[in-house]
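**Q** Dropping the structure in here first, questions after.
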Amino acid sequence: MEKFVNKLSCTNNARRPQKRIKLESDERMKQREDNEEDEFSHPVPWQKIESEGLDCDYALLLSKEEADHMFKQLEEEVVYSTGEEAKVRVFGKVHSIPRQQAAYGDAGLTYTYSGVTRLACLWTPTLEQIGDVVTKTTGQTFNFVLVNRYKDGQDHMGEHRDDEKELDPLCPIASVSLGAARDFIFRHRDARGKRSRRQMDPVKLELAHGSLLLMNSPTNAFWYHSLPVRKKVSLPRINLTFRRILLDRKK
DNA sequence: GTGGTAGCATTAAT
DNA sequence: GATTAATGCTACCA
């Protein structure tokens, strides 16, 4: 069995991803960094995950106690889609998605994928709180979060890319995991299928309770990702993917 | 043999 | 034509 990337020794002890989009003055950034020093008594050990066209950062964002608390709060707060909203069309067929899903974000935001348009609910206190931690840790702001709940190892997500046109292409997608640890697989678009053009090994991660995975540009242009079935997993996992959706797109 | 997983095939609308 | 956030089937491995 191949070793998973984040089971290997961690070589990168930077406090946050090296790549940052400069959105604010040096003075404000310095001020914010000073505040972060107060907030996080332990530096966040980032692990860089790289391959051709793949650029991700992985870190344990929350302590076990914090993550336990957030998980419990979300179980009470989040209301998941039902009925038609929980269905998706793939290969011409309509399926119920094999997990629970909900969309939260700024007022009036919508997000479309695979023939389904979602109107975001307004942030819950816990989602806002976690979003703040992610922003403070990464320097990125987000206006939308997609919540996926996998009740056990039978729930999963098929291989896909997050390449929706309405996403800000320069803003990374920040994926926070709570609950049961699950495998997460990246595969390069040119290494899929029988007549694949190239031999490229998939990149495999295990997403732990309280972890944060940043998918930086241009990862989603080249790499598909999936959360495969794992029958031995019996506990639920909640995944939050924070995104920035572009506003006022030209019509 | 058996259970779990990896990888390919599917399918018809956009 | 290319793509596809789904499942189904088969081959492989422990």
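The values are calculated or read from the model by the stated rules, or taken from the named source; none is laboratory data. Just so it is clear, the model here is predicted, and its values are computed rather than measured. Glycine also receives a Cβ, built like all others from the backbone with ideal geometry; neighbour counts cover every protein chain displayed. Note: areas computed on protein heavy atoms with side chains; ligands, DNA, RNA excluded. Shrake-Rupley method; radii C 1.70, N 1.55, O 1.52, S 1.80 Å.
**Q** What list of ³J(HN,Hα) values in whole Hz, one per residue of the range A:73-86 in order, does the Karplus curve 6.51 cos²θ - 1.76 cosθ + 1.60 (θ = phi - 60°) give from phi, with Gly and Pro shown as x?
**A** Each residue's phi maps through the Karplus curve to give 4, 5, 4, 8, 8, 6, 10, 8, 5, 9, x, 4, 5, 9 Hz.
**Q** State to the nearest 20 debye the size of the charge dipole of the range A:42-243 about its Cα centre, where the only charges are +1 on K and R beta carbons and -1 on D and E beta carbons.
**A** Taking the Cα centre of the range A:42-243 as origin, the dipole is about 1120 debye.
**Q** Provide Rg over Rh for the range A:40-80; use the alpha carbon set for both Rg and the Kirkwood Rh (inverse mean inverse pair distance).
**A** 1.16
**Q** Projecting each Cα onto the charge dipole of the range A:42-243 (Lys/Arg +1, Asp/Glu -1 at the beta carbon, about the Cα centre), which of A:GLN101, A:SER81, A:VAL229 comes out farthest on the positive side?
**A** Result: A:VAL229.
**Q** Ok, one more. Kirkwood hydrodynamic radius of the range A:118-179 from all distinct Cα pairs, in Å?
**A** 13.7
**Q** Give the whole-number value, in cubic angstrom per residue, of the convex hull volume spanned by the C-alpha atoms of the range A:42-243. Before the final figure, lay out the partial values.
**A** Details: hull volume 26.1 nm³, N = 202.
It comes to 129 Å³ per residue, whole-number rounded.
**Q** Write down the accessible area per residue of the range A:42-243 in Å², having rolled a 1.4 Å probe over the full set of protein chains.
**A** Accessible surface, normalised per residue, equals 47 Å².
**Q** Let me ask something else. List the pairs from A:LYS48/A:LYS204; A:LYS48/A:LYS232; A:LYS64/A:LYS204; A:LYS48/A:LYS151; A:LYS136/A:LYS204 whose alpha-carbon separation is above 25 Å, in the order I gave them.
**A** Among A:LYS48/A:LYS204; A:LYS48/A:LYS232; A:LYS64/A:LYS204; A:LYS48/A:LYS151; A:LYS136/A:LYS204, the Cα-Cα distance tops 25 Å for A:LYS48/A:LYS232; A:LYS48/A:LYS151; A:LYS136/A:LYS204.
**Q** Tally Lys/Arg at +1 and Asp/Glu at -1 over every other residue whose Cβ is under 12 Å from the Cβ of A:GLY179; what's the total?
**A** After counting each charged neighbour, the total is +2.
**Q** Mean separation of Cα pairs under 8 Å and 6+ residues apart, divided by the residue count of the range A:58-189: what relative contact order is that in percent?
**A** 25
**Q** Now for a different question. Net charge around A:LEU213, counting only other residues with Cβ within less than 11 Å of its Cβ (Lys, Arg = +1; Asp, Glu = -1)?
**A** Residues close to A:LEU213 contribute a combined charge of -2.
**Q** Got a sec to turn the phi values of the range A:171-177 into Karplus ³J(HN,Hα) couplings, 6.51 cos²θ - 1.76 cosθ + 1.60 with θ = phi - 60°, whole Hz, x for Gly and Pro?
**A** 8, x, 8, 9, 10, 9, 10
**Q** Another question, then. Among A:204-211, A:143-150, A:227-234, how do they line up from the highest to the lowest mean number of other beta-carbon atoms within 10 Å?
**A** Highest-to-lowest ranking by the protection proxy: A:143-150, A:204-211, A:227-234.
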